[in-house]
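Novice: Got a structure for you, written out below as structure tokens; questions coming shortly.
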Amino acid sequence: MGQPLPERLVFMGTPDFARASLRALLEAGLRPAAVFTQPDKAQGRGRKVAPPPVKVLAESEGLPVLQPASLKDPAAQEALRALEPDLIVVAAYGKILPKAVLEVPRFGCINVHASLLPRHRGASPVSHAIWEGDEVTGVSIMRMEEGLDTGPVYAQRAIPVPEGATTGTLTPVLAELGGRLLVEVLPGIVSGDLEPEAQDEAGATYAPRLRPEDGRLDFSQPARRLERQVRALSPWPGAFVTVRSERVKVERSLLGGSAPAEARPGEVVSGPPVSVACGDGRCLVLTDLQREGRRVLSSADLLRGFPVPPGTRLGE
């Protein structure tokens, strides 16, 4: 990998996306002095407490793990300063780093971000790239500052967004890409040979944290945008419609043909599979559905015991 390299490194990250960057550092011979990650939390229907993926990897490698509830906590900041890091590497940690933390390492804090900044700053860049119909996305290695993903960028790497990609399929691809780019640029960052470039504020867009209610399909929207929404919100929080006041998750959808001229947005025009009129006069075909507390079914199987006849207005 070449020299120079940071002698003392601290890593901060939480989900699977971050695990790829930690793995890349370890494979390059860089063992963090410590790993900061979010606290264990309850997950799934059983609400069983589980550790974050980064913690699982760090402990398997014998790395010290710290899980402060907040980096604003003076005790957490003191523990970080005691590590005397040259550099902090952050990947999907899940919290904004306060100024007191950003000022600790002599080479600063760098972040592995899953978009081509300044596009899609924020917590859910992969989902928003799909939702907005981006043909190209990628990863950025940036120097962190107090703003939300506003710091200057050291390097970027772009890839095309695959046809039919979901957040679940695209995220691991970008995670691996980010890990590889991270270890490529570290020597230049530490030596000072690689100067970051300021982001163009005119091109900035934001990708806020997703909420369960973001999954509601608004059929006044164009069919193509709704099809992207279904993929963007897969696997979480999931797209959904309401049928007779019951929330039904849309696991998969396809673009359909033209809707009858008299069909109103949200009206089921045929089925199975369930074909729904959208705001642009086209149909969205709901191919795989899941009622609350049930398993995923093809719309044909679901309709056998849960009729949704033509003329039904979804969302009413």
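The values are calculated or read from the model by the stated rules, or taken from the named source; none is laboratory data. Keep in mind that this is a model prediction, so the values were computed, not measured. Every residue, glycine as well, gets a Cβ built from its backbone with ideal geometry; the counts of neighbours run over all protein chains shown.
Novice: Based on what the data block shows, is L80 assigned by TED's automatic domain parsing to the domain that holds L182, of a type in the set (A, V, I, L, M, F, W, C) and in contact (Cβ under 8 Å) with a residue 60 or more places away in the chain?
Specialist: When the stated conditions are applied, L80 passes them.
Novice: Still on this model: Which ones in region 216-243 are in contact with a strand residue (DSSP E or B) (Cβ under 9 Å, 6 or more places away or on another chain) and either charged (D, E, K, R) or assigned by TED's automatic domain parsing to the domain that holds A155 (or both)?
Specialist: Across region 216-243, the qualifying residues are R216, R224, E227, R231.
Novice: Right, next: Residue check: is T137 among the β-branched types (V, I, T), in a loop (DSSP other than H, G, I, E, B) and touching a helix residue (DSSP H, G or I) at 6+ places or on another chain (Cβ under 9 Å)?
Specialist: It is false that T137 is among the β-branched types (V, I, T), in a loop (DSSP other than H, G, I, E, B) and touching a helix residue (DSSP H, G or I) at 6+ places or on another chain (Cβ under 9 Å).
Here's the yes/no breakdown for (1) in contact (Cβ under 8 Å) with a residue 12 or more places away in the chain; (2) assigned to a strand (DSSP E or B); (3) under 24 Å from L25 (Cα atoms); (4) among the acidic types (D, E):
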{"position": "V112", "(1), (2), (3), (4)": "yes, yes, yes, no"}
{"position": "I141", "(1), (2), (3), (4)": "yes, yes, yes, no"}
{"position": "L148", "(1), (2), (3), (4)": "yes, no, no, no"}
{"position": "G151", "(1), (2), (3), (4)": "yes, no, yes, no"}
{"position": "G188", "(1), (2), (3), (4)": "yes, no, yes, no"}
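Novice: Related question: From the list R209, R231, exactly one residue is surrounded by fewer than 16 Cβ atoms within 10 Å (Cβ to Cβ), in contact with a Ser or Thr (Cβ under 8 Å, 6 or more places away or on another chain) and closer than 26 Å to P118 by Cβ. Which is it?
Specialist: R209
Novice: Assess whether G168 counts as being part of a helix (DSSP H, G or I) and over 30 Å from L5 (Cβ atoms).
Specialist: Yes.
Novice: Now a separate question. Please note which strands (runs of 3 or more DSSP E) are completely contained in region 25-77 and include at least 1 residues that are assigned by TED's automatic domain parsing to the domain that holds K99, among the small types (G, A, S) and closer than 26 Å to L102 by Cβ.
Specialist: Answer list for region 25-77: 34-36.
Novice: Which of the following residues is modelled with pLDDT of 95 or more and in the same structural domain as P74 (by TED's automatic domain parsing): G133, G147?
Specialist: After applying the criteria, what remains is G133.
Novice: Out of R295, R247, report the one residue that is assigned to a strand (DSSP E or B) and within 31 Å of the chain's Cα centre (by Cα).
Specialist: R247
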